[in-house]
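A.B. asks: Have a look at the structure that comes next, please.
The values are calculated or read from the model by the stated rules, or taken from the named source; none is laboratory data. Please read all numbers here as calculations on a predicted model, not as lab measurements. Cβ coordinates were reconstructed from backbone atoms using ideal geometry, including for glycine residues, and neighbour counts include every protein chain displayed. With ligands, DNA and RNA removed, areas are computed over all heavy atoms of the protein, side chains included. Shrake-Rupley method; radii C 1.70, N 1.55, O 1.52, S 1.80 Å.
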Amino acid sequence: MPQSNLAGGSSVPLLRAENIDVQFGGLKAVDDVSLDVAAGEIVGLIGPNGAGKTTLFQAISGFVKPNRGTVWFDGARIDGLGPVEICRAGLARTFQIVEVFPTLTVAETLTAAALFRVKMAEAKKVAAEVAHLVGLGAKQHVLCRHLTLPDQKALEVGKAIATRPRMILLDEVMAGLRPSEVTTVMALIRSLRDKGITFLLVEHLMEVVMTISDRVVVLGSGRKIAEGRPEEVAANQQVIDIYLGEDLTRA
Ligand SMILES: Nc1ncnc2c1ncn2[C@@H]1O[C@H](COP(=O)(O)OP(=O)(O)OP(=O)(O)O)[C@@H](O)[C@H]1O
Ligand SMILES: [Mg+2]
């Protein structure tokens, strides 16, 4: 009797980026990068400042058109699609530089994100659910311009969740947070993964990346220089060399 492979070892990855190049004038910000993320995985993407992490996110999420390479999500080609179509396919993202709508409340912002997929009555329900999920349940009627940075970051994650994604790209959502707030966000990511959401996350806080990730991909000067389980990557000499002199715990 044939055995099914529930672990997914031989199945198609949820996200596959192949040979991605992104060129800005004379600078190759992303240089021939390939990576796979399986459904249910949490993959960490690390590398020094300017390594190309955000640019790779831009290329995967349709904000920048790669100069070369293909991106597959859930079995379909998505490179060439715009950000809205990619989000509709179930791939959401957060932004490293958080920008809130200053005159909207938390509830209105989350409702707007939820309207992406459902009608108004349902969107309001989704917004309330998501607000509680990301710890903003008591602040639903607060104007976004009055939110603290941690609350803005929580809202950023909430906006992504409200679009009902299968996968979320998180770009430094923990930067600038206090240790207790970092712990809260890590618990949230784990609980969402348990609900079936897949994550690719950029984070400079090494102890966070190494603790939460199933696998880690390392970029240096636009190229993928290492990939593996956290302990393998942490022991990789090339990785140690590129991080030499950097404070790996900077928030
Ligand atoms: N829109 C752009 N136009 C021109 N150059 C860009 C643009 N966006 C990024 N770059 C350059 O591409 C390189 C990669 O930048 P990117 O923001 O992807 O790095 P990163 O790994 O996210 O860094 P950080 O850890 O500081 O966020 C950098 O040299 C950056 O200056
Ligand atoms: Mg970045």
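A.B. asks: Which of rounded, prolate, oblate describes segment 15-243, given a ≥ b ≥ c as roots of the alpha-carbon gyration tensor eigenvalues and a/c under 1.5 marking rounded, otherwise prolate only if a/b is larger than b/c?
C.D. replies: Numbers: a/c = 1.84, a/b = 1.43, b/c = 1.28.
Since a/c reaches 1.5 and a/b is larger than b/c, the shape of segment 15-243 is classed as prolate.
A.B. asks: Under a plain spin-label model, where a point goes 7 Å from the Cα along Cα-to-Cβ, how far apart in nm are Arg88 and Met186?
C.D. replies: Those two pseudo-labels are separated by 3.9 nm.
A.B. asks: From the cross-link list Lys119/Lys195; Lys124/Lys224; Lys119/Lys153, which pairs have alpha carbons spaced over 31 Å apart? Could you put the intermediate results ahead of the total?
C.D. replies: On the way: Lys119/Lys195 23 Å; Lys124/Lys224 42 Å; Lys119/Lys153 25 Å.
Violating the 31 Å limit, Cα to Cα: Lys124/Lys224.
A.B. asks: Roughly speaking, to the nearest percent, how much of segment 15-243's 1.4 Å accessible area is carbon and sulfur?
C.D. replies: Roughly 55 percent, rounded to a whole number.
A.B. asks: What accessible area per residue comes out for segment 15-243, rounded to a whole number of Å², with a 1.4 Å probe?
C.D. replies: Accessible area per residue, segment 15-243: 44 Å².
A.B. asks: Looking at the chain, send over the antiparallel percent of its DSSP beta bridges, to the nearest 5.
C.D. replies: Counting DSSP beta bridges with both partners in the chain, the antiparallel share is about 55 percent.
A.B. asks: May I pose another question? Would you mind getting me the FRET efficiency between Asp214 and Leu104? Use the beta-carbon distance for r and R0 = 51 Å, nearest 0.05.
C.D. replies: 0.90
A.B. asks: Also: Which value in nm describes the separation of the simple spin-label points at Lys65 and Arg223, placed 7 Å from the Cα toward the beta carbon?
C.D. replies: Each label point is offset 7 Å from its Cα along the Cβ direction, giving 2.8 nm.
A.B. asks: Turning to a different aspect of this structure: Using a cut-off of under 15 Å, list every residue of segment 15-35 whose amide N is near the label point 7 Å from the Cα of Gln238 along the Cα-to-beta-carbon line.
C.D. replies: So the set is 31-35.
A.B. asks: Expected output is a single nm value to one decimal: the length gained when fully extending between Leu149 and Leu27, i.e. 0.36 nm times separation in residues minus the C-alpha distance. What is it?
C.D. replies: Additional length available on full extension: 40.7 nm.
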